[in-house]
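The structure appears below as structure tokens.
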Amino acid sequence: MSFEMDAARPSDLLILALESSCDDTGAAVVRARADGGRAQGPGEILSNIVVGQEELHAAFGGVVPEIAARAHAERLDIAAEAALREAGVALRDLSAVAATAGPGLIGGVLSGVMTAKGLALGAGLPFLGVNHLAGHALTARLTHGLAFPYPMLLASGGHCQLVAVLGPQDFRRLGGTIDDSPGEAFDKAARLLGLPQPGGPSVQRQAEAGNPETWPFPRPLLDRDGADMSFSGLKTALRRARDEVLSTRKGLSDDDVADLCASFQAAICEVLVEKSRRALAGFAAEWGRAEAFCVAGGVAANALLRAQLENLCAETGLTPCFPPLDLCTDNAAMIAWAAAERLAAGETDPLDLPARPRWPLDHAATPLLGSGRKGAKA
């Protein structure tokens, strides 16, 4: 489906977007300048509403899809109204309405897609369904106006891959996890140690007081060529270390937890940094030397990982490109920008566009071993 725009004349695009792929209900309004059939970053975030659900899932040790979907259905219209109000715009002022159309928990994704379609239909506006992972991948253009192409690490609660970002819808996978994502590993580590969810921030807080050399956890796949990763074995190693401590005493002390967290975090970061180094070499061989290395997703908020990746960039002469912390985790501003990239090129989606639980960025890449029987998640 196409959207008529005078590509020869610069114009402003105003996008309302909804995000509901997991347990955060997001709504945002973003302004982008379109010129020559392409969105010109950086964009302007006029509002970015995020309503969390931590209190709804706390008793279950993780996100319950049915509870998350119900909460999204109750909150999406309220969040959209708040985003419009904070941005100081009305529906009639918008260029389009967008929503995350996948991948994610299908109940939540469906809630967001249907709400956005209803708003678009009622206001007579174009609708765009956005790949959640593309939102993360294009955040560097929203925040820094980075030119294509560029390499990036996308590390979050459900996904982990190293990607060459060649265009708004052109991604080449350089490496990825064959099982758990690092965010999943952090969440499982927190559950094993009795820490609150989400696991990443909890493990990081405990690790600050710990010794990362206490436990020699494995660094999976570092002995193999390439940029693919594995994190499920780290979870098993952590359980064994925890059980070893418990076998010699009645419980885990604060120092035990801190040392386990520090050692676990150090292992994950070392794998991510070394695999990033290899992916950067692969990017340079294929597309030439990059100017910047971008990191996105919730795990990009980890302070140790940021510091180590900044060191990697210093070693390789690249500019580190990290989103602000509020744009690392799931948010609708990145979805609005990804929609603006497509709208600037004259693209929209039909109102029968389906919600998708799985939606890989690189359609040509062979699914990773850990992608499951239903196909690749990322």
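The values are calculated or read from the model by the stated rules, or taken from the named source; none is laboratory data. Computed from a predicted structure; not experimentally measured. Quick reminder, even Gly has a Cβ in these numbers, built from the backbone with ideal geometry, and neighbours come from all protein chains shown. Heads up: the accessible areas ignore ligands, DNA and RNA and are worked out on the full protein's heavy atoms, side chains in. Shrake-Rupley method; radii C 1.70, N 1.55, O 1.52, S 1.80 Å.
See the values below:
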{"read-out": "Segment 135-145, residues that are within 16 Å of Cys328 (Cβ to Cβ) and surrounded by fewer than 22 Cβ atoms within 10 Å (Cβ to Cβ)", "value": "His144"}
{"read-out": "All positions within segment 146-184 that are open to solvent by 10 Å² or more (accessible area, probe 1.4 Å), part of a strand (DSSP E or B) and without any contact (Cβ under 8 Å) to a residue 40 or more places away in the chain", "value": "Asp170"}
{"read-out": "Residues satisfying the stated conditions in segment 90-111, i.e. in contact with a Gly (Cβ under 9 Å, 6 or more places away or on another chain), outside any strand (DSSP E or B), hydrophobic (A, V, I, L, M, F, W, C) and open to solvent by less than 20 Å² (accessible area, probe 1.4 Å)", "value": "Val109"}
{"read-out": "Where Glu55 falls short, out of the listed (1) closer than 30 Å to Ala185 by Cβ; (2) part of a strand (DSSP E or B); (3) charged (D, E, K, R)", "value": "(2)"}
{"read-out": "Some residue of segment 22-40 being under 20 Å from Ala79 (Cα atoms), of a type in the set (Ser, Thr, Tyr), out of contact with any Cys (no Cβ under 7 Å at 6 or more places or on another chain) and not in a strand (DSSP E or B)", "value": "no"}
